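Okay, structure first, notes after.
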Amino acid sequence: MLRGKNIVLGITGSIAAYKAAYLIRAFVKKGAEVKVVITPAGKEFVTPLTLATLSNNPVISDFFSNRDGTWNSHVDLGLWADVMLIAPASASTVGKMANGIADNMLITTYLSCKAPVFVAPAMDLDMYAHPSTQQNLDKLRSYGNHIIEPATGFLASGLEGKGRMPEPDDIVKVLEDFFSYRGELQKKKILITAGPTYEKIDPVRFIGNYSSGKMGFALAEACAGRGAEVALISGPVSLKTTHPSIERIDVESADEMYNAAVRIFPSCDIAILCAAVADYKPEQRVPEKIKRECNEAMSISLVRNKDIAATLGKDKRTDQMLVGFALETKNGLTNAKEKLQRKNFDVIVLNSLSDEGAGFGYDTNKVMLIDKYGRETELPLQSKTEVAEKIIDYLVGMCMQMQPVDDDALVT
């Protein structure tokens, strides 16, 4: 997948800069051409001579090559690239990228780059966890950059935690997967529901749940990144969408989500129902705030909400795929299999609140995929971004199985 690709590798001032040598060698062995842009601080950790020897290209660090008027064009370099990778990306460089501080060749190349940009942060765990760093990474995501999550392990400071640059082979695989998957969902329209729903009791109170929407938003970004047109119906969450191919429809109640899903589903190829939709709502919504002083005790009569999954499952055509989620606290596999049949899902994604690091609010998840053919595939605990990619991999394989056979093609 990397043969013939032009890769601009940005290297910054981090102890992990030594791994860049292994990255260059791996890219070159895969048939890619690599040009290195290194910050002044980066040269303190790895020499340009080493990088130039491995890449077979001069290493670029300064705007001006000599004092004879020649200069390095960041614009030409950005246009040359099929992909730009900054690995390692220090906290300083991440901040400059996020805020457009173009004071070195690497940042000006980044700002001029038309190609996809991947960023592999590498820093001490406290620097990585600092709110300013996380805000800068969120900014980069909002610009459409791909953040390669750092690994957890032993750090140069002697501490142990999240902040290690991933191993070169893992980064190479990220780029290979990107070029392999890119465009495989083109011309597909995908409906995704995400987040909670709020069912109003009175103007200030509601019945809801702890869903953050992170899993559904990760799925939306993964689908859009592979060329799909995504309609994301989101309950009340604080998350942002970044990909231009995502149409976001914000709703509050289960009725609003139901109406949007029923309206959009007929034009979709795939629907992924990730939202935690309230099963019940108050039978009556009180128009004014209920005063505590007026009631020693209070009871609320609840009625069922419309069942989005059951409705779409009933209306599903043979050329459509329907994917559901099941969050269980006990008898998870049994309940998920029963729900798969009852709702007419093609695939159901099971996760459990009993698994540490999985479920509501976390950045990680651990799930099992169960499909209509009886197959069970367990995914280990990993980031929700990684889980989303694995789920989409699975669905792409399912789509290929569901494609109708052309009888004429069988005639020889």
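When the residues of segment 1-27 are filtered to those that are under 17 Å from Asp177 (Cα atoms) and hydrophobic (A, V, I, L, M, F, W, C), the one that is surrounded by the most Cβ atoms within 10 Å (Cβ to Cβ) is Leu23.
If you go through segment 37-51 and keep only what is polar (S, T, N, Q) and within 22 Å of Ala81 (Cα to Cα), you end up with Thr39, Thr50.
Can Ile107 be described as within 27 Å of Asp76 (Cβ to Cβ) and in contact with a Lys or Arg (Cβ under 8 Å, 6 or more places away or on another chain)? Yes, satisfied. Annotation: of all residues in segment 161-198 being crowded, with 21+ Cβ neighbours inside 10 Å and in contact with a Pro (Cβ under 6 Å, 6 or more places away or on another chain), the one that is modelled with the lowest pLDDT is Gly163.
In segment 388-404, the residues that are over 11 Å from Ile270 (Cβ atoms) and of a type outside the set (Gly, Ala, Ser) form Cβ pairs under 9 Å with partners that are part of a helix (DSSP H, G or I) and at pLDDT below 75, at six or more places apart or across chains, as follows: Glu389/Tyr181; Asp393/Tyr181. Yes or no: Ile86 assigned to a strand (DSSP E or B), at negative phi and either open to solvent by less than 10 Å² (accessible area, probe 1.4 Å) or out of contact with any His (no Cβ under 6 Å at 6 or more places or on another chain) (or both)? Yes, satisfied.
Looking across segment 123-137, the residues that are surrounded by 19 or more Cβ atoms within 10 Å (Cβ to Cβ) and either hydroxyl-bearing (Ser, Thr, Tyr) or in contact with a Lys or Arg (Cβ under 7 Å, 6 or more places away or on another chain) (or both) come down to Tyr128, Thr133.
Please pick out the residue among Ala309, Ala358 that is open to solvent by less than 20 Å² (accessible area, probe 1.4 Å), over 25 Å from Val262 (Cα atoms) and not basic (Lys, Arg).
So the residue among Ala309, Ala358 that is open to solvent by less than 20 Å² (accessible area, probe 1.4 Å), over 25 Å from Val262 (Cα atoms) and not basic (Lys, Arg) is Ala358.
Of all residue pairs spaced 6 or more apart or on separate chains, those with beta-carbon atoms under 6 Å, a first member in segment 138-160 that is surrounded by 16 or more Cβ atoms within 10 Å (Cβ to Cβ) and a second member that is assigned to a loop (DSSP other than H, G, I, E, B) and acidic (Asp, Glu) are Leu155/Asp124. For Asn99, the conditions (1) at pLDDT 90 or above; (2) out of contact with any Ser or Thr (no Cβ under 6 Å at 6 or more places or on another chain); (3) over 19 Å from Lys240 (Cβ atoms); (4) of a type outside the set (Gly, Ala, Ser) are fulfilled apart from (3). Of the candidates Ala261, Ala271, the single residue that is closer than 18 Å to Gln320 by Cα, open to solvent by less than 10 Å² (accessible area, probe 1.4 Å) and in a strand (DSSP E or B) is Ala271. I'd like the full set of residues that are buried (at least 19 other Cβ atoms within 10 Å of the Cβ), of a type outside the set (S, T, N, Q) and not in a helix (DSSP H, G or I), limited to segment 361-393. Within segment 361-393, Lys366, Val367, Leu369, Ile370, Asp371 qualify.
The values are calculated or read from the model by the stated rules, or taken from the named source; none is laboratory data. Since the structure is predicted, the reported quantities are computational estimates derived from the model, not experimental observations. Backbone-built Cβ (ideal geometry, glycine too); neighbour counts: all protein chains shown. To get the accessible areas, we keep the full protein, side chains included, count just its heavy atoms, and leave off ligands, DNA and RNA. Shrake-Rupley method; radii C 1.70, N 1.55, O 1.52, S 1.80 Å.
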